[in-house]
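Report on one structure; see the data block that follows.
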Amino acid sequence: MGARGRVLLWLQLCALTQAAYKVWVPNTNFDDAANWSQNRTPCTGAAVEFPADKTLSVLVREGHSISDMPFPVLCIGTPSGDLFLKLIHSLLPLDGEFVLASGAGFGAADAGSRPDCGTARARFLDPDRFLWLDPRLWRPGDAARGLFSVDAERVPCRHDDVVFPADASFRVGLGPGAGTMRVRSVQALGQTFARDEDLAAFLASRAGRLRFHGPGALSVDPEACADPSGCVCGNAEAQPWICAALLQPLGGGCPQATCLEPLRPEGQCCDLCGAVVSLTHGSAFDLQQYRARLLHAFLALVRGTESPGQLCFPLQPQYQGLQVAVSKVLRPPGLREASGTKADTEIQVVLVEAGPETGGAGRLARALLEDIAEHAPGPEVGPKELQPQLLP
């Protein structure tokens, strides 16, 4: 294997073995066009309006010249330039703050200074629209190419570290209806909260109230997942609300799958086309090592060599374009009773095709079963169930 290939392999394996963490994606930045009603930041001379019944923190990175902005705020920072706050309307938010980056600020400008922008008021969108339980609003900080997560595991799991980027303002809704969200740690405003009492004090502070809201609760426990075979995510009870948030833009319904016999793996909100392999496992099974083997031996991300002392991962073109999700899940009680086994968890391998279905997922599922029969990744490991996709 060449030097470049060894570096790529090392990076991929590092991504697979580091503690999992998830990063919050949306923000409440003034300079983000996605936060404004016209999908653009306010033009020079525009009138700006913030929601009257909301509390929020807004990071401002640049200078802006506006004609009107009804927003009573606490301004934090040292802007180089004039700070212009013209409060003449009764439509005011409950509470808020501007965090001004170096060089940021507000100046006065005549209304209509930019005729091409029109006369419509620039309205800041509802900051409470962002919910913790929405899978679309998180990204994995340690994802390797070729991996994905089922929907319930796209939201922070019990043993995940959660990161709110320090270079953005944010607001996140806890709830509705999911009780307490439990994670390993929360990083926000340059601080890492790994003790419940510290996090509770932050959430009760003004800074915390500007950023977290809703009926749910947030709790941390620094205990890491110490089981080599992996830990269950812990979002099963919250899955109805996770799916509701995910499907809200679609009217609450799932899109129709394009294959004849779609599948719905544990943790997935809607049917998908692909294959599911469920594996029994023993205490010696190592989830991370098995996930790495899937990526490099079957999805062929790195071409190896036959040289002594070097790993060989042969390319397998028939599996290119597939994505895999591998995690420990709770076994459905009915299956547990039917099989007579006492195990309450299993390893779920979900295979989907990124493009048009070619049957590759089903072929790979059968290849995985053959591989397990020949090279079981640990004692007491074996196939329990195969659900391949049936194509037209």
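The values are calculated or read from the model by the stated rules, or taken from the named source; none is laboratory data. Everything quoted here is computed from the prediction, not taken from an experiment. Reconstructed Cβ throughout: ideal geometry from the backbone, glycine too, with neighbour counts over all protein chains shown. Just the protein is used for accessible areas: all its heavy atoms, side chains included, with ligands, DNA and RNA removed. Shrake-Rupley method; radii C 1.70, N 1.55, O 1.52, S 1.80 Å.
Here are a few things to note about the model shown:
- With coordinates expressed along the principal axes, the C-alpha atoms belonging to the stretch 112-225 extend over 58, 40, 29 Å, beginning with the largest.
- The string of couplings for the stretch 159-165 from the Karplus curve (6.51, -1.76, 1.60, θ = phi - 60°) is 9, 8, 8, 10, 10, 9, x Hz, one whole number per residue in order, with x for Gly and Pro.
- The candidates 327, 102, 37, arranged from most to least accessible area with a 1.4 Å probe in the full protein assembly, appear as 102, 37, 327.
- Taken over the stretch 182-299, the ratio of Cα radius of gyration to 2.2 N^0.38 Å equals 1.42.
- Paramagnetic label zone (point 7 Å from Cα along Cα-to-C-beta, residue 288; backbone N under 20 Å) in the stretch 213-240: 221-234
- Where 49, 261, 237, 97 fall by accessible area, highest first, once all protein chains stay in place (1.4 Å): 237, 261, 49, 97
- Nearest-10 value in Å² for the accessible area of residue 117, using the 1.4 Å probe: 20 Å²
- Probe 1.4 Å, all protein chains present, accessible-area order of 290, 21, largest first: 21, 290
- Mean projected area in nm² (Cα convex hull; one quarter of hull surface) for the stretch 239-296: 6.0 nm²
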